[in-house]
Amino acid sequence: MTSVLSLFCGCGGLDLGFAKNGFEIVEAYDNWGPAIENHNKNKNLIGGKAYLRNLSLESNEIDLNTLPKTDVVLGGPPCQGFSFAGKQRIDDPRNGLYLDFKKIVDYIKPKIFLMENVSGLEKMALSDVQKSFKDIDYKISIDKARAIDLGIPQRRERIIIVGSRIGEDYFVTPDLVIGSLFGSIEPKSIFDVISDLPQPSETKKSINAKNHLDDHFYYAFSKLEEKFINHIPNGGYYGDAPRDKLPPRLQKIYDNPIKYKSPRLFPKADPNKPSQTVPASSSPSIGGVIAPDLIYMNNEIIGVNPEEYTTDNVYTSPNPSRRFTPREIARIQTFPDEYIFTGKISVKTKLIGNAVPVELASSYARSIRDQFF
């Protein structure tokens, strides 16, 4: 099997996508305990053992001589220096973990490496990025991957860099699943991937509920939040609720949209469309998305017709609005139901939201396999 070393592995979305396509994850590393715990808990799906390590070479927690020599190196090092305005240099000291990733690649000398989620990298001059890797005998392809084009029900973009040894061919981007250019195929919607799930439980205390599924539970909103969230229609946001239902801080924003740049706070998902980018927080006040209003009847999900629940131009949800469950977010991130998450809901949400969608990773793994191995 083609061997893989995974750095900054998180809970293993990227690794799982490669494992599904015949790659062997030999070892994986991350500096967050819950990520390692979840990665190892699902070793039956991912393979390989994950280790808790600070991946900064200055920390001395990683010894290059102990790392396995593999065919592929994967990783998503944070690169703070790329995200600042002005001249952005690849050797910016704030990019220490990126530079360490590069040093590890240079030491292992894999046939292929893949680096993802480099925030702001698209702002760099391509020639600077190419030169950085050419210095260690790699040529690279840079792609802004749109999850929606790869059959994933989410409007998420990832920067993907694939490097091949000088002398090998350049990597070619995976074929698109969605014919979005010609509109021939509709992208997957939230409803497409959650419609067969049972009605979720409000808390983990309901774990013995009929048709219970692992991670399919949620924390309810506060009474203050429910007061206005229940009046937000699917696809809407806080500004669609009556002003008098909003708490004072949101009324200020509501009354001064120019001053506050009209932020679309408390967005509620439209089940008939792909999700917005799944954030690493379930709080809609800091980027989270509210689950769509749905009606559960005879173990089936029925979409809500807003006209049926609108009186005097005010919509009211037929059921209390709620957050997405970890399992619903995992479905949107294309994790299989066999992947079981552990930890508090907030930890699970962060793990899933930070992960590379499994099917996005799978698309790149398949292309790398077919082109180079």
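The values are calculated or read from the model by the stated rules, or taken from the named source; none is laboratory data. In this text, all values refer to a predicted model and were calculated from it rather than measured experimentally. Cβ placement follows ideal geometry from the backbone for every residue including glycine, while neighbour counts extend to all protein chains displayed.
Among the residues making up segment 1-42, those that are under 21 Å from T334 (Cα atoms) and of a type in the set (F, W, Y) are F8, F18, F23. Name the one entry in L224, L246, L265 that is touching a helix residue (DSSP H, G or I) at 6+ places or on another chain (Cβ under 9 Å) and modelled with pLDDT under 95. Just a single option satisfies the conditions, and that option is L265.
Filtering segment 158-189 to residues that are touching a Phe, Trp or Tyr at 6+ places or on another chain (Cβ under 9 Å) and either modelled with pLDDT under 70 or surrounded by 14 or more Cβ atoms within 10 Å (Cβ to Cβ) (or both) leaves I160, I161, V162, G163, S164, R165, E168, F171, T173, P174.
Here N234 clears all of (1) in a loop (DSSP other than H, G, I, E, B); (2) among the polar types (S, T, N, Q); (3) modelled with pLDDT under 95 except the condition numbered (3).
Identify, by number, the condition in (1) assigned to a loop (DSSP other than H, G, I, E, B); (2) touching a residue at least 40 places away in the same chain (Cβ under 8 Å) that V73 doesn't meet. If we test V73 against (1) assigned to a loop (DSSP other than H, G, I, E, B); (2) touching a residue at least 40 places away in the same chain (Cβ under 8 Å), just (1) comes out false.
Just for segment 312-358: of the residues that are polar (S, T, N, Q) and assigned to a helix (DSSP H, G or I), which one is surrounded by the most Cβ atoms within 10 Å (Cβ to Cβ)? Spell out how you get there, then give the answer.
First, the residues of segment 312-358 that are polar (S, T, N, Q): 313, 316-317, 319, 321, 325, 333-334, 342, 346, 349, 354.
Still in the running and assigned to a helix (DSSP H, G or I): 346, 349, 354.
On the way: S346: 14, T349: 26, N354: 18.
Among residues in segment 312-358 that are polar (S, T, N, Q) and assigned to a helix (DSSP H, G or I), the one surrounded by the most Cβ atoms within 10 Å (Cβ to Cβ) is T349.
Tell me whether segment 294-311 contains one or more residues that are assigned to a loop (DSSP other than H, G, I, E, B) and at pLDDT 95 or above. So far as segment 294-311 goes, no, none of its residues is assigned to a loop (DSSP other than H, G, I, E, B) and at pLDDT 95 or above.
Selection of segment 37-70 for residues being over 15 Å from L16 (Cβ atoms) and part of a helix (DSSP H, G or I) yields E37, L57, E58, S59, L64, N65, T66.
Among the residues of segment 251-284, the ones that are farther than 30 Å from H216 by Cβ and either assigned to a helix (DSSP H, G or I) or among the small types (G, A, S) (or both) come to 6 in all. Of all positions in segment 242-261, at least one carries a residue that is surrounded by 12 or more Cβ atoms within 10 Å (Cβ to Cβ) and either in contact (Cβ under 8 Å) with a residue 24 or more places away in the chain or outside the structural domain of P320 (by TED's automatic domain parsing) (or both).
Considering only residues of segment 98-145 that are at pLDDT below 90 and of a type in the set (K, R), which is nearest to Q333 (Cα to Cα)? Looking at the filtered set, the residue picked out is K144. Scanning segment 309-362 for residues that are touching a strand residue (DSSP E or B) at 6+ places or on another chain (Cβ under 8 Å) and of a type in the set (S, T, Y), we see that the one that is farthest from L14 (Cα to Cα) is Y309.
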